[in-house]
Every structure is written in C-alpha cells, then in structure tokens.
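This report concerns only the one structure given below.
The values are calculated or read from the model by the stated rules, or taken from the named source; none is laboratory data. Quick caveat, the model's predicted, so the values are computed rather than measured. Neighbour counts are summed over all protein chains in view; Cβ atoms, including those assigned to glycine, are modelled from backbone coordinates with ideal geometry. For the accessible areas, the whole protein counts, side chains as well, though only heavy atoms, and no ligand, DNA or RNA atoms are used. Shrake-Rupley method; radii C 1.70, N 1.55, O 1.52, S 1.80 Å.
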Amino acid sequence: MTRFIGIEEKVSFLRQPEAYAASTQTVETRQTHMSWVFLTDRHAFKLKKPVRYEFLDYSTLEARQRACEDEIRLNRRLADNVYMGVVPLLVTGGGELRLGGDGEVVDWLVKMRRLPEKLMLDEAIAARTATQANARAVGEVLGVFYRAAQKVGITGAEYRARLRAEIRSSGRELVRPEYRLPAGMVEAVVAGQLQTLAREPALFDARVEAGMIVEGHGDLRPEHVCLEQPPVIIDCLEFNRSLRIVDVASELSFLWLECERLGSPGIGRTIFETCCDVTGDRPPPRVIDFYRDWHACVRAKVAVWHLRDHEINYPEKWMEKARHYIHHAAAKHQMF
C-alpha cells in the first residue's frame, strides 16, 4: 500500500523543473479554489484539488480522473490544438513521485500547450492591444461553435425554473451577514429579476422554442479567450453539465459584461454582434439586459465563495469584485 501523499507534497514536487520530462527553466504556479496550475516554458499542467462543493466533487482519485478526461474532451471543441491529454502522477517502487511512466497512480493532471499571456483577451484589453478585428474573429469562432452545439431538450417552464433557482441561490448567498454586502441592493435586484421572469415568460420561452438553449462553454470570460489566429477558447466548465446548459445570448452577454468590467465594452459588443450574425440569432434587448444583470449576481456569488478557501490570497480583492457586480446589477434600480 502506497503511503498517503497529500496535496501539499504533490504541489511541492510539481513546482520543481526536474519533475517534467520536457526541459524547462522555470515553473510558475497559479491556483484557484478548485485547481493548481503549473506553467513550464512550453506547457501547462492542471492538478485538481481534492475538494467537494455543492456544484462539484473532486474528493476521490476516480472523480479527478473523470474530470480530467472530461476537460480534455469538452475543451477540444474550441481549443483542439491546446489540450494535449491526461498525465498520471505516480509513486515509484522507491516511494518517489514521478509525472508519467511506471508506478502507482496517485493523481491525474491535464496537460496543455501553454498559451502566450499577452494574447489572452483580458491581458490584451489591459494593454489596449485588443482590436475590433480580434473581436470579430472571436465572434466568428463562437458563432460556428454555437451553430453546431448540441441543442438541449427543455421546456420554457423548465428553463425559467432553472433561472429562478439560480437567482434565489445568488440572493441567499449574497445577503449573508458575514459578507457585509449591501443587502438592500441585492434584494432589489433579485426581486426585479424574479418579476421579469413572472411578468414576461414569453421572452424566455421564445429562446427555448428557437433552439437557443445549448450545451455551451459555461464560463466564457476574457481570460479564457486567446487571440491567436484563429482564436482559441479554453477552460469550459467540465465538472457539471447543468452549468453548461445555457442560452447562447446568456453566455455572450456574460462575456460582454466581463469585457465591460475590464474597460472595453466595445470589444464585448462586437463579439456578441458578430456571433449573432453568424448564428442568425437576434435576442431582444430585454433578454440581453436580464442576462447581464443575472450574470453579475452569479459572479458576485462566485467571488464571495473564494473566501471559503483559506489558501486564497487577498480576500479583499474578492469582496471588491462582489461589490462591483452588485452595484452593476443595481444600477437600473432607481431607488439606488
């Protein structure tokens, strides 16, 4: 029986350049509340943390293997030349850790081609190098993807119930007193979103009837878009299919919202409009506004969730993000 090897020992090993078969001068590390990422000179390796949340379960070796395999399969839809495969982390007969080769598997990693950071859309927006031509190229890639995406069989009532449940979930989380967020704003936004669903159900039923509810990306943010030629889009949500069941307009509205937050609403709008030109979709402005506010609340909830991970640095950064999203969603409510 192999001795127990915890996440700290695995991370310590994977920080070392000697751990990798391909020669590398350095290893940079990044972490989220779900994964560790190790960046070598040419590759990226992702190790999933042995965590369990209400929306994912990485607590067993088998679950992490499945998640790695799903990540490769699903992300090759939009980044086929980036996702290289799943690599085992092993213990040799002598008790040493090894990445690939012979031994007893103690974990699994996703291996990717390392993308140039300056070409990631968030970095390009910050550097003011993102162009309208870049945005149109991204929109065209997404349009082709959504045209071919698997349509989801769901009724209008079922889809609205999903939206309603997420609105209430975000509201419950964001008014928790330990976060010290503006509860009045949160409650007003939640009430407004629920009223839209109740008063204008035909808006959302029409989206279902038009076949615009698909298995999409699930986390379409600027930091997941690389402005190569052609653009590639990485890091879809592999761990929970229900989170990939989206209205195309919802996913595009989210990317637009995030581009706007970074200071480039024009890039987000061009991606949105170009994609719609490719798909032939024309979502009503009321639907777009609803989705932007809905995503703002979801992102605020995700931001405060980072505070549960005591290894995450700079908790105030996540609180500031949450407050930003709440104020964005509340901006249309005249009482504030």
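A P(r) calculated from all alpha carbon pairs of the stretch 7-81, with 5 Å bins opening at zero, reads 3, 14, 22, 22, 21, 13, 3, 1 percent. When all protein chains stay in place and ligands, DNA and RNA are ignored, the 1.4 Å accessible-area order of 251, 96, largest first, is 96, 251. Amide H to amide H, with H built 1.01 Å from N, residue 232 comes under 5 Å of 226, counting only residues 5 or more places away or on other chains.
Please report, in debye to the nearest 20, how large the charge dipole of the stretch 1-125 is about its Cα centre when each Lys and Arg carries +1 at its beta carbon and each Asp and Glu carries -1 there.
For the stretch 1-125, the charge dipole is close to 200 debye.
Taking the chain as the region of interest, the number of lysine pairs whose Cα atoms are within less than 15 Å, with members eight or more places apart or on different chains, is 7.
In the chain, helical runs assigned H by DSSP with n ≥ 4 each contribute -39500 (n - 2.57); averaged across all residues and rounded to the nearest 500, the mean residue ellipticity at 222 nm is -15500 deg cm²/dmol. Packing around the peptides 182-195, 290-303, taken as the average count of other Cβ atoms within 10 Å per residue, puts them in this order, highest first: 290-303, 182-195. Working note: Cα gyration tensor of the stretch 110-215, eigenvalues times five, square-rooted, sorted largest first, giving semi-axes of 32, 25, 14 Å. Per-residue Karplus couplings for the stretch 281-295, computed as 6.51 cos²θ - 1.76 cosθ + 1.60 with θ equal to phi - 60°, are listed in order as 8, 9, x, x, x, 5, 5, 4, 4, 4, 5, 4, 5, 4, 5 Hz, Gly and Pro entered as x.
Coupling constants for the stretch 159-176 follow from the phi torsions by the Karplus curve (6.51 cos²θ - 1.76 cosθ + 1.60, θ = phi - 60°), and in residue order they are 5, 5, 5, 4, 4, 4, 5, 5, 4, 5, 4, 4, x, 4, 5, 6, 8, 4 Hz; glycine and proline get x. Computed over the alpha carbons of the chain, Rg followed by Dmax gives 20.9, 68 Å. Tell me which of 5, 265, 34 sits at the most positive position along the dipole axis of the chain, charges placed on C-beta atoms (Lys, Arg +1; Asp, Glu -1). Result: 265, furthest along the dipole toward the positive end. On a C-alpha basis, how far is the centre of the stretch 248-289 from the centre of the stretch 192-219 in Å? Whole number, if you could? Each part reduced to its Cα centre gives a spacing of 15 Å. Relative intensity of the stretch 34-78 on a log10 scale, I(q)/I(0) at q = 0.21 Å⁻¹, equals -0.78, per a Debye sum over C-alpha point scatterers of equal strength in the absence of solvent.
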